[in-house]
1. Put +1 on the Cβ of every Lys and Arg and -1 on every Asp and Glu Cβ in the stretch 272-400; which of Met318, Asn381, Asn306 then has its Cα farthest towards the positive end of the dipole?
2. What base-10 log of the normalised intensity I(q)/I(0) is obtained for the stretch 16-111 from the Debye formula, alpha carbons as equal point scatterers, at q = 0.15, 0.22 Å⁻¹?
3. Where in the stretch 251-348 are there chymotrypsin sites (Phe, Trp or Tyr not before Pro) that are in a DSSP coil and have at most 16 other Cβ atoms within 10 angstrom of their Cβ?
4. Using 0.36 nm per residue, how much length does the chain from Asp119 to Asn405 gain when fully extended, once their Cα-Cα distance is taken away?
5. Ordering Val288, Val236 by how much accessible area each has at a 1.4 Å probe, largest first, what is the list?
6. Quick one: check the C-alpha center-to-center distance for the stretch 318-339 versus the stretch 1-75, whole angstrom.
7. Pick out, from Ile127, Leu433, Gly295, the residue whose Cα sits farthest towards the positive end of the charge dipole of the chain, with +1 on the Cβ of Lys and Arg and -1 on the Cβ of Asp and Glu.
8. Local charge sum around Asp102 (other residues, Cβ-Cβ under 12 Å, Lys/Arg +1, Asp/Glu -1)?
Amino acid sequence: MPLHFFNTYSRHPEEFQLRDAKNRKIDIYTCGPTVYSRAHVGNFRAYIFEDLLQRHLEARRFKIHRVMNITDVDDKTIRGAREAKVPLQKFTQQFKDAFFEDAEKLRIKRADDYPAATDQRYIEKMISMISALIAKGLAYQADDKSVYFRINKFPNYGKLAHFDLTELRSTGRVKHDEYDKEHIGDFALWKAWDEEDGDVKWDSPWGPGRPGWHIECSAMATALLGDQIDIHCGGVDNIFPHHEAEIAQSEGVTGKQFVRMWLHCAHLLVDGQKMSKSLGNFYTIPDVLAKGYTGREIRYALIRVNYRTQLNFTWDGMKEARESLGRIDDWLQRLREVAGDKKDNPKIDIQLGHEFEEALDDDLNISAALGFLFETIRDTNRAMDQNKLDAKTAVAWLNSWNRINKVLDFESDGAELPEEVAKLAEARAQARLAKDFRKSDELRDKLNALGWEARDTKDGQKITRRAGA
């Protein structure tokens, strides 16, 4: 089945066409974090959608080169460093580290490259691109010494966001990184240094200053992936002005189509409202982990709805994620018991259908893919209840699950437990080694009270979520 994705540029589903069919290579650029604060669950909804995209394409045997940028210099990062009274690099590093820590908790695959905007080689690329735009008459240095892009010289400006420039009120120039499309203007490519920037500045042909946010991505993307990119991802909030500006800058320099397919992730709501610190519904990954949930449970909750549909994050939804993963865990345990000593035989292969993969071929239709998975769980559980599922078929389903799990990465690794549960489990294991069975039983009761079950098997202690907990 051919791959189809909804292209934001055309506003239509399109069949994905390989640019490099011989090598089955796909270049993907994804907008990463702006490291002025810790990324929140809404940010990670987008990063998990991009992870699902990469994993599915790899499962379809494409070779993926994915780049995710790190924006470590912009208005927000400079303001944050100034308020914290620390150097920019020190201020942003803490949030870079936090991003990678949280991404690992959520089992997000690492990109091939994580370029940082402050890296000198990319600063040089930005300066080179801006110089080319000035030479072509697409950019100019204004009286404030900053360099701006002439949007009226780029006829396709506005086509990604689907608005008509003639219907919008121009404000002349906009130096801020972000602005509303109702007050459109020439955007900044290079911002002349001012006192508020402190020691954040680079030399350029136009005087000391720093790059605008938009040119950073154009420079890093083309430096690592070339003049044309197969797929560019991000949140819907990036469509305008950021991605619109990326197109104008990149195509203004190269004269080539910058991106062949644009994929954008819808907003995440919390309890039906926009996430906001003032509403008390602003959550980071550590906030959710502190409630006793695990990284894979957060992963499930953020992945379960198609990326183009708004996702409503709720604590009931987190409980549903836990229950759904519990169903998968129980199913796998039953299959392994039926499979017996054949469970690790990859040679057993019964054609069980590829509905899961085919659902994801259709614009990453995760709802249909998960629907197939849970229908399979229900049907095979019924067959096992009736002793109608033999060992060979059980192994075939386990092998099929291994293929699916390479995409979803839902399987429990047995090590991911809430901190309090992990400590109790370790204490109980030590008590059993010391043959202190009274203490072992007390600790089992404490685990049970927290919603966890301790089972002693020939392979050692197994800690699992108690059914209904």
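The values are calculated or read from the model by the stated rules, or taken from the named source; none is laboratory data. In this text the structure is predicted, and so the values were computed from the model without any measurement. Cβ: placed from backbone, ideal geometry, glycine included. Neighbour counts: every protein chain shown. Please note that ligands, DNA and RNA were not included when accessible areas were found on the heavy atoms of the full protein model with its side chains. Shrake-Rupley method; radii C 1.70, N 1.55, O 1.52, S 1.80 Å.
1. Met318
2. Listed by q, the Debye log ratios stand at -0.66, -1.06.
3. Values: sites: Phe258, Trp262, Phe282, Tyr283, Tyr293, Tyr300, Tyr307, Phe313, Trp315, Trp331; in loops: Phe258, Phe282, Tyr283, Tyr293, Tyr307.
Loop-located and lightly packed - Phe282.
4. Numbers: separation 286, 0.36 × 286 = 102.96 nm, distance 3.63 nm.
So the chain would gain 99.3 nm between Asp119 and Asn405.
5. Values: Val288 0, Val236 50 Å².
Largest accessible area first, the list is Val236, Val288.
6. 30 Å
7. Of Ile127, Leu433, Gly295, it is Leu433.
8. On the way: positive: Arg38, Lys96, Lys105, Arg107, Arg299; negative: Asp97, Glu101, Glu104, Asp287.
Summing Lys and Arg as +1 and Asp and Glu as -1 gives +1.
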